[in-house]
Each structure stands twice: as C-alpha cells, then as structure tokens.
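We did not get these values from a lab; they are worked out from the coordinates using the rules stated. Note that the structure is a prediction, hence the values are computed from the model and not measured. Reconstructed Cβ throughout: ideal geometry from the backbone, glycine too, with neighbour counts over all protein chains shown.
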Amino acid sequence: MTEPKDKNQDSTLQTRIWLEQPQADNPFAASACYCSGYDVYGELLSRVTWIEYLYLLFKLELPSKEDAELLNRVAVAIANPGIRDHSVRAAMNAGAGGSTRASALIAAIAVGAGNLNGGRDVLQMVRLWQTLDTDINSWLAYLGADQTPDDRDSWPPMEHLAGFDPNGVSRPKPVVQTLNQLASLKPEGKLAWLESHAGILEKALGYPLAMSGVIATAFVDLGFNEAQAEILYLMLRLPGAAAHSLEQESNGWRKYPFFGNALKPMADSAYHQLIKSWSCKP
C-alpha cells in the first residue's frame, strides 16, 4: 500500500452529517463513524431504532418520542403501496420479465416519482403548505386562481391539486384510516387541520384526498423540507416494490396476476419468421 505523502496529515473525513476517523493501520478504513456527533457503532447501534436513525440522518438531531412514532407510522403506511400502484407494478414487471433486481427498484422509483401520487406530488403538496398554511380561504382561493406553470421547471405542470386524486370518486378507506392515525399524534398540527378540512376541499375539487397528500402533510408536521419529503417518500415506498418483484421473479410470467392469461409463447419457428419479416431487405 502506498504511504501517504505526509504521515502527519489528518486523514479524518467529515461532512456536516458525518465524520469518520481512520484506522491506525489503514487510512482507507474507518475506526469510528459519527452521525451528527453520535458514535454510530459505539453508541447508536444498541440504543436507537431504524426510524430514529433515519430521522437523525436528515434532521441532524434525534426525534422526540412523538415524532419517532409519527415517522414510524408513515413508514408502515407506505411501505407497500399495493399492486394497484404503478410503481409497484413497474417492479413486478421487472421481476416477472427476468430483469435484474436493481432494475426492479430503479423502475419503482422512476414510475413512482411523478405528479400523480408520486414523489413530485408530495413535493408540490409541501409547497402548498408553505404558501397556504392552515387558511381554508387561501386554499379555496388557490383552487379558483389561474395556475401558470413555471417554464423553468423540467417537470410537466400539475393537472390537479397536489395531494389529491383526480381519478378518484371517494376517499379510499386506507387514506381515511392513515390520516386518522397520524392526526391523532399531532392534534395541533397540519394533519389534524387536514382531517377537519379535507372534505371542504374535496367538495370544491370534485375528487378526493390521496395518500400522497396525507404523507406530505405528515412530513410537514415532522419539519422536513420539500426535498427531504420527496426523497423520503420515494425511499419508504420501496420495500413493497422489492417484495412483490421477488415474488414475481420466483413465480415467473405465467403466474403474473396482470394479463398473464393473454400472453402466449411463440414457437421458435414463428419467432424467427417474425424477426425475418422485420429485417430490412436489400
């Protein structure tokens, strides 16, 4: 191994979040790791839950008992969006089609990142909270105003109120249950306000509150900014996508719950004839 040019040079690596001290015999390995000042392997590993550590990574402080429980309930609520969700379906497609497991997760993130109940939907809902806060008249006025899209944004403009489902008819029971459970932990927060006023907004819109709206509001009550809320939403929805992808990988495309009966294998001779017909002729 090449010796460092200056043996006295401090090889400690540090960011605002993380500090690593090197091994005495190997400057490329860490002997101690600190997250926001806490010794991860000597202190946190035996004392905190995964949810508390997750909060620490993003907020640089340990959560209160109430906030830890709220984030834990958020994680449970969205860990598996279910097989009707397009991001989960994308992962299932990858599994059934024999793609790599990394591809399944990437597919879930890509499909689940958009404006419709996706990560961008959450970000936009957080922005609404920052602008409108808990003034119902401001929310209703916003609905009646002409929304001019920002041409500098690479994302397509929102075609519905962020956090609500333009294809819905009534509020799904899981959304009702999740909002009730989360709001009970923050009786003075925006979740409780949303539980009381969502019906007014739904009536004005003609379509119901979505899970993305509930989760975005929970992230606001937890003090996360829009970027943190967006990326946490994408991360915390991956377990279900991963599990369903592995199940479909194991089952194979013949047992795929969507369109499996309509897929017919093609004989090799017919396949080669089809490829030949597509080939360019001189």
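Relative to the Cα centre, the charge distribution of the chain, modelled as +1 at Lys and Arg Cβ and -1 at Asp and Glu Cβ, gives a dipole magnitude of about 1340 debye.
Taking the number of Cβ atoms within 10 Å of each Cβ as an exposure proxy, the fewest-first ranking of ILE106, ILE78, ILE17 is ILE17, ILE106, ILE78.
When the chain is treated as a GNM with alpha-carbon contacts under 10 Å, the residue of LEU56, LEU238, LEU70 showing the greatest mean-square fluctuation is LEU56. Between TRP18 and SER36, the built amide H atoms are under 5 Å apart, and every one of these is 5 or more places off in sequence or on another chain. Karplus-based coupling profile of the stretch 196-202, in residue order and whole Hz: 7, 10, 4, x, 5, 5, 4, with θ = phi - 60° in 6.51 cos²θ - 1.76 cosθ + 1.60 and x standing for Gly or Pro.
Taking Cβ atoms as reference points and 11 Å as the exclusive limit, the residues near LYS59 contribute a net charge of -3, counting Lys and Arg as +1 and Asp and Glu as -1. Residue farthest toward the positive end of the dipole of the stretch 69-240, with Cβ of Lys/Arg at +1 and Asp/Glu at -1: which of SER103, PRO174, ASN117? My answer, from the dipole projection, is SER103. Comparing PHE258, PHE28, PHE58 in a Gaussian network model of the chain (Cα springs below 10 Å), the most mobile by mean-square fluctuation is PHE28. Computed from backbone phi, the HN-Hα couplings of the stretch 33-49 come to 10, 10, 10, 6, x, 8, 6, 5, 8, x, 9, 5, 3, 9, 10, 10, 8 Hz, rounded to whole numbers (Karplus: 6.51 cos²θ - 1.76 cosθ + 1.60, θ = phi - 60°; Gly and Pro given as x).
Computed on the Cα trace of the stretch 1-137, the radius of gyration divided by the Kirkwood hydrodynamic radius gives Rg/Rh = 1.11.
Over the chain, all Cα pairs binned in 5 Å intervals from 0 give whole-percent P(r) values of 1, 5, 10, 12, 13, 12, 12, 10, 8, 6, 4, 4, 3, 1, 0, listed from short to long. For the stretch 236-249, 3J(HN,Hα) computed residue by residue from phi via the Karplus equation (6.51, -1.76, 1.60; θ = phi - 60°) reads 6, 8, 6, x, x, 4, 5, 5, 5, 5, 5, 4, 5, 4 Hz, glycine and proline entered as x.
Taking amide H atoms as placed 1.01 Å from N in the peptide plane, the amide H of PHE164 lies under 5 Å from those of ALA210, each 5 or more residues away in sequence or on another chain.
A cut-off of 5 Å between modelled amide H atoms, ignoring neighbours fewer than 5 places along the same chain, links GLN23 with ALA29, ALA30, SER31.
Between GLU247 and ALA102, the simple label model (points 7 Å from Cα in the Cβ direction) yields a spacing of 2.6 nm. Helical runs (DSSP H, four residues minimum) scored at -39500 (n - 2.57) apiece and divided by the length of the chain put the mean residue ellipticity at 222 nm at -16000 deg cm²/dmol. Of LYS173/LYS203; LYS173/LYS255; LYS65/LYS173; LYS59/LYS203, which sit over 25 Å apart, Cα to Cα? Listed pairs above 25 Å: LYS173/LYS255; LYS65/LYS173; LYS59/LYS203.
Taking only Cα atoms and a 10 Å spring cutoff, compute GNM fluctuations for the chain and point out the largest among THR131, THR217, THR178. Between THR131, THR217, THR178, it is THR131 that shows the largest mean-square fluctuation.
Under 8 Å for C-alpha pairs, at least 6 residues apart: give me the relative contact order for the chain, rounded to a whole percent.
Working: 339 pairs, mean separation 62.7, N = 282.
Once normalised by length, the contact order is 22 percent.
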